[in-house]
Structures are given as structure tokens and as C-alpha cells.
Amino acid sequence: MRKFLLSLLLILLVAGPAGADGYKSRRQMMKEITELKQRIQALEAELAEYRQEASEQEEIEEEIAEENENKVSAALEDYNTVATDTLLSQWYLHRHSKTLRREQFNMDSVRFTTNVPDSVLMHRLEEMNAFISLPYNETVKNYMILYSEKMPVKMGELLALSQYYWPIFEDTFRRYDLPLELKYVSIIESHLNPRAESRVGAKGMWQFMYRTALSYGLKVDSYTDERMDPILSADAAARYFRDAYRIFGDWPLAISAYNCGSGNVNKAIKRAGGKTDFWSVYEYLPTETRGYVPAMVGAMYAFRYAKEYGLRSDPVSMPVYVDTFHVHKNLHFQQISEVLGIPLDDVRDLNPQYYTDIVPGAGGDEVIRLPFTYSSAFLDKLEEIYQHRSDELFTAKVQDGREVIGGRPVPTPQASTGTSWVYYKVKSGDNLGAIARKYHCTVKQLKSWNSLKSDRINIGQRLKVGKR
């Protein structure tokens, strides 16, 4: 490119207008050379900016391509009694809810009927006026009936949970100028279960895999897994959707990529001859993904017309008003529960990211969420809460030959004093936190022993996990 720009400069110098005598004065030539140099610098700056954008776009595509590529098929392995080519519904109806085990449907073959005429269903779909919409057809109709008529018990739970989670998600998506309808993806992914976990290790309401969670700034360590934090994971999901939409320029395809990975969507586009609308690539998408966007539309429809179908919210168990506090000392959920009288399960439900019941505030600034009605009491009794049973809950003690703090084994000085290394081969779904817990060491030790600069590990990688 540099040579091209210099050649262009010479051509312009030769071909440029001359003076009356056919020659340019030295001053004219110097002036033109200066102007052309400035133009070249401007062009080089634009070229550098273009290359940077292209590089960033490639990184985004590669990152998103890694997410969820095998998530769907691996999850379906749990259900080896049914054909693995069934639609998504069998996957997500099985995954997280015991209630739905009586309401399993093979959406690949079932065709629901309803007393509601097609004309009414079509009109209602149009009246939804959703930013993300699909044309009315048998596939979409099937999912509309599924959510509105075939799962009333689960819909009651979802309507109740949504009263707590929808404001969080909507605020997040507004901040990124994204369609608010994206909140319904959380229903298809996890049925609004912040502790949802797939067989391959995708976790949380938005089902992030470990590596992608780290790349989107979510912390995962021995005490905290922010994939299960409703607020932080929603923010990461919003940025993921934004990146996917930049790649595909189409919301149904971006949403499909969230489920099966952008690599599979790109393959479907190529097989469809380059067409980039959802129904053109539909038959080329992974079978489990084809029902993903229609299911989302079906959930949207059931929420919008819940009253017409007699669907009612269960009694709300999650507090609508919640206060957030910053803590700088280790804090145990039992300390909060016993001093303030908050049910332990309520504290856990509001803070699912602390999956050990310990807020590791001593390691840095951490947040904890409590019902608004307990805000004053928490502030007034904070020191009492910190001191309550602290010796019992945090003091190291020996259990089964291992040192334990707060019920968790911790590494001892003898853990790595041997003469030969013990190695572990990384498997799908592994992360440093889980490996550290398994071999009774810390993530910091793993990173030091293996010269890791980040928390990223690859399947098949051999890690030093201690000495024998």
C-alpha cells in the first residue's frame, strides 16, 4: 500500500498543471509535495483504522464462534433415551425444571391444536409489534400454543420470577440500545434459573461457557462465579448480543448464534447460498437451534396474552426492591441470616454468584444484595454480623486430614513439597477454579506452576496440579 501511494504521488507530480513556460516553480512543487504528503498520511491513517476495525471484528467473530458450538449437542447427551435430532424444546424443557418432566414434547413431530383461530393468532402476533418478530407459520404457531396452553404451571413460575428479573434486564438492554425483547432469551436458556448448569459447564441464567465468561469480564474463581450473578451476566449477555448483531446484521440470526455459535450460523448462510434471513438458513441450522427463535417468540406471545389464557403469576417469592452493599471483609451468608433473621435461602437467591455462601470481601471490594426492608438493620448491625460465629465459620480447622475454612478444603504447605509433578489433562467444561478445588490448591498456584498469564485453558492441555 505504501508503494502504491508513493507511485500515485509521482504520477500526480508529473501530470500536475505546469506554469506558462511548461515547468513548475520550485515553490509550486514543494507546496504540492507537502499537500500530497498530507494526503498520503491521511490515507495511511484511514488504512490503519480500517485494519484495526477488521482485526477487532475478526477477534469478535472468533470469540463468539467458540461460544456454544458444542453446548446444545452435549447437553442433549443427558437424554440418550430419545433421538438426538429432536428440536430444542426437548433440551430446554428437560434441563432445569422438575415440573416440566411431565410436560415433555417432541416439537419435531408434535402439532398442537387450539381453539383460537389462525386469524386471531396472526392478528395478535402483528399487534405485539415486537422489534424482533417472525412471520406466522406452523413452527411459530406450535411454540405460541406450547407456551400459552401446554405449560401453565411453569408459566406461573416464570411470570412471578419475571417481576424481579425483567427490570434488571430491561435497564441493561436500554443501556446498550438493544431490543428489550432479548430478555426472553433467558427463558429459553435457563427458565430464569440463575443457578442453571449444563452438562458441558455452561452456567447461569444466560448459560455462559467459562472461556467466554472470562472474555466478557465475568469473574470465576474458588468463591465467586459471576455467570450466576443476574446483573453482571445480563450485562455480559447484552455485549454478546451487540457483537453478534454487528456480525450478522439480523436479530434472529444473532439470537441463533447465541445458542449454537456464530460458526454454525455462518455455515448455514454459506449452505443457503449467502442468504442472510432466518427462514432461508433455517433448514441448514443445527436441528436443536431451529426452534430457538420460534420458542422465544412463543414465550413473548404467552407473556403478552397471559390474561387471555388465564395464566397467572405465582405468589412472588423474590423481593421487588433490593439494596446493594459493598463489603471489604469476608462475610458468610449464615452470619447475615442469623443476625438479621433473613431466611438463608433468600440470601442465596439474591446472591447466587457466591456459590460457597461466602462473600470474599477480604480479597477486594465485593457486593451483596439484600431485601430493601433489611437495609437499615444491616448497616446498623454490620460489625455484629462480621463478628457473629466468625471463629467457627472462618477459622482454619482440620477435617479428614485436610485444612478447611468455612467448610472448604484449602492447600497446606505440604501439598506441593514432593519431588515429581502431578499432571492433569483439561477436559471440556473444566476451569481453573474447579481443577484447583479437585486437587486442593489455589488458582494462583495453578497459574504460577503452569506460567499462565490468564485464566484461559484449552481442552487437552496438560496442567501441573501439584507434586507427589
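Every number here is computed from the coordinates shown, using simple stated rules; none is lab data. These numbers were taken from a predicted model, which means no experiment stands behind them. Please note: Cβ atoms are built from the backbone with ideal geometry, for glycine as well, and neighbour counts cover all protein chains shown.
Results, tabulated for the structure shown:
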read-out	value
Residue (of Ser313, Ile336, Met296) at the positive-pole extreme of the range 294-369, dipole from beta-carbon charges	Met296
Flagged links, alpha-carbon separation over 24 Å, of Lys438/Lys467; Lys425/Lys447; Lys141/Lys270; Lys203/Lys307; Lys141/Lys183; Lys150/Lys307	Lys141/Lys270; Lys203/Lys307
Inter-label distance for Ser109 and Arg175, nm, one decimal - labels placed 7 Å from Cα along Cα-to-Cβ	4.7 nm
Extended-chain gain in nm, criterion 0.36 nm per residue less alpha-carbon gap, Lys37 and Asp118	22.4 nm
Contour excess over end-to-end distance, with Cα ends at Arg271 and Lys444 and 0.36 nm allotted per residue	57.7 nm
Cα gyration tensor, the range 429-468 - rounded (a/c under 1.5), prolate or oblate	rounded
Sites Val153 and Trp279, calculated FRET efficiency, Cβ-Cβ separation with R0 41 Å, nearest 0.05	0.80
Met318, Met144 arranged by Cβ crowding within 10 Å, fewest neighbours leading	Met318, Met144
16 Å Cα-Cα reach of Lys329 towards lysines, excluding residues that sit fewer than 8 places from it in its own chain	Lys381
Förster radius 60 Å - calculated FRET efficiency between His328 and Ser25 (Cβ-Cβ, nearest 0.05)	0.25
Stokes-Einstein translational diffusion, the range 131-289 - Kirkwood Rh over all Cα pairs, 1.002 mPa s, 20 °C, in µm²/s	129 µm²/s
Relative pair counts by distance (%), Cα atoms of the range 322-394, 10 Å bins	20, 64, 16
Ranked Met30, Met128, Met296, Met209, criterion: other C-beta atoms within 10 Å, fewest first	Met30, Met128, Met209, Met296
Residue-span extension gain [Leu452 to Val426] - 0.36 nm each, minus C-alpha spacing	8.0 nm
